[in-house]
Amino acid sequence: MIIDEYFQKQKETSSAVDTLIKRYIADLEDTTAQLPAKRIGHPRLRDMSTRLGYELQGGRNWSEIVPIAAAFEFENCSSYVINWIFDEKGGKKSKEEVNNLIVAGMRLRELADKVLRDSNLEKLVSCIHDINFNGYDGQFRDLNMLKVQNMNRYPTDEEFFKAYEERCRLLSGIFHGHCLSSGSHILGAPSQKLYAIGERFGRALQASNDIGDFAIPSKGQETLEKPYNDQFSDFKQGKLTLPTYLLLTRASDDDRKTLESKIGKEEITPSDAQEILDIMSKTRSLKYCLNYLKTKNEEAKRMLYESFPKSPARNLVAQMLTTIVSNKFIYALKSSQKENA
């Protein structure tokens with residue numbers, strides 16, 4: 001079955017990348033090494049995307065992409081540890097913790113460059129620079145522009161969606177565009193089609209993560225990057241993600257007051273979470289969010305099918321694209337929707 005082949009390849013790829021990562025973090029202090037070390041032994045989406053793009057372009061020796069995937073993993077970990085400061089993941093940090101995380105983020109970012117240069121892949125260093133530069137543009141928008149207190153900047157759905165999708169492109173779309181297309185560079189045929197598909201995939205994944213933030217906190221929702229009690233963190237910080245925008249623009253006056261009373265709270269309790277989900281169901285905001293993800297998944301697949309002929313590699317890329325609608329957070333939300341139906 002295609003899904004079995006997909007997961008077998010993903011495990012195989014990340015295992016090979018792990019070997020290289022272990023070598024580069026062996027002599028690092030704990031603060032810098034902690035997240036890459038924690039993620040060792042777990043199949044990673046970006047590793048698989050890098051390999052599948054290479055194979056879809058005709059590459060036959062996938063071990064060529066191992067240093068590229070390791071570099072992308074260090075870049076990814078760099079952004080995560082900095083986000084622990086921005087988003088207060090795992091709670092507020094002391095000054096010493098913040099300082100150490102800043103150093104860790106910078107060192108991991110430099111490791112991404114170093115892996116590529118050590119592997120004679122200098123041509124791809126510009127990809128890391130592009131991911132980093134645009135990712136922090138996205139972070140600026142996330143922290144300062146797309147906020148509940150700035151809703152008057154987006155008086156129509158059209159204006160909100162334009163700003164929101166650009167934020168998603170900057171935060172995740174560009175990164176995934178480079179992942180999927182990077183293998184084509186070492187094959188000597190850089191593919192804009194692969195980049196475009198990966199960018200569309202990454203944008204949709206960011207939206208999926210934003211929506212998944214509304215799954216009721218439970219141990220089953222814990223990830224390698226954040227504890228389960230970080231669920232609803234975007235909402236309580238007043239970030240204007242898709243579900244928050246829909247809730248606030250479609251709720252009744254009373255329900256809107258209820259929602260606004262929870263923004264800025266120190267903790268979103270299980271009863272708070274359930275109230276929010278009840279309003280999501282009442283306003284059909286949750287259904288809209290899930291349909292939005294389905295549409296984005298279909299758009300990415302259509303781009304794939306129009307750009308590449310049928311092949312085993314294309315089938316695996318299509319399987320990867322379903323991640324947009326099939327992660328555990330989305331399953332939890334779908335389940336809560338059925339319970340509230």
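Okay, residues lined up against (1) modelled with pLDDT of 95 or more; (2) under 22 Å from residue 252 (Cβ atoms):
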position	(1), (2)
270	no, no
273	no, yes
276	no, yes
280	no, yes
287	no, yes
295	yes, no
302	yes, no
307	yes, no
328	no, no
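Conditions tested, residue by residue: (1) over 30 Å from residue 92 (Cβ atoms); (2) touching a residue at least 60 places away in the same chain (Cβ under 8 Å).
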site: 266; (1), (2): no, no
site: 275; (1), (2): no, no
site: 287; (1), (2): yes, no
site: 296; (1), (2): yes, yes
site: 308; (1), (2): yes, yes
Checking 142, 113 in turn, the sole residue that is in a helix (DSSP H, G or I) and buried (at least 20 other Cβ atoms within 10 Å of the Cβ) turns out to be 142
Top-ranked residue of segment 58-110 - restricted to ones that are among the aromatic types (Phe, Trp, Tyr), modelled with pLDDT of 95 or more and within 20 Å of residue 38 (Cα to Cα), ranked as surrounded by the fewest Cβ atoms within 10 Å (Cβ to Cβ): 74
Before we move on, is residue 60 charged (D, E, K, R) and within 19 Å of the chain's Cα centre (by Cα)? no
Looking for something part of a helix (DSSP H, G or I) and either surrounded by 19 or more Cβ atoms within 10 Å (Cβ to Cβ) or of a type in the set (A, V, I, L, M, F, W, C) (or both) - is there at least one such residue anywhere in segment 258-269? yes
Show the residue pairs that are 6+ apart or on different chains and have beta-carbon atoms under 7 Å apart, the first residue being within segment 155-177 and over 16 Å from residue 239 (Cα atoms) and without any contact (Cβ under 8 Å) to a residue 24 or more places away in the chain, the second being β-branched (Val, Ile, Thr) and part of a helix (DSSP H, G or I). none
Evaluation of residue 295 against (1) of a type in the set (Val, Ile, Thr); (2) surrounded by 15 or more Cβ atoms within 10 Å (Cβ to Cβ); (3) assigned to a helix (DSSP H, G or I) (one fails), failing number: (2)
Can you tell me how many residues within segment 40-54 are surrounded by fewer than 21 Cβ atoms within 10 Å (Cβ to Cβ) and either touching a residue at least 60 places away in the same chain (Cβ under 8 Å) or at positive phi (or both)? 3
Going by the conditions given, is residue 162 modelled with pLDDT under 90 and either within 16 Å of the chain's Cα centre (by Cα) or surrounded by fewer than 20 Cβ atoms within 10 Å (Cβ to Cβ) (or both)? no
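The values are calculated or read from the model by the stated rules, or taken from the named source; none is laboratory data. No experiment lies behind these values; they were computed from the predicted model shown. Please note: Cβ atoms are built from the backbone with ideal geometry, for glycine as well, and neighbour counts cover all protein chains shown.
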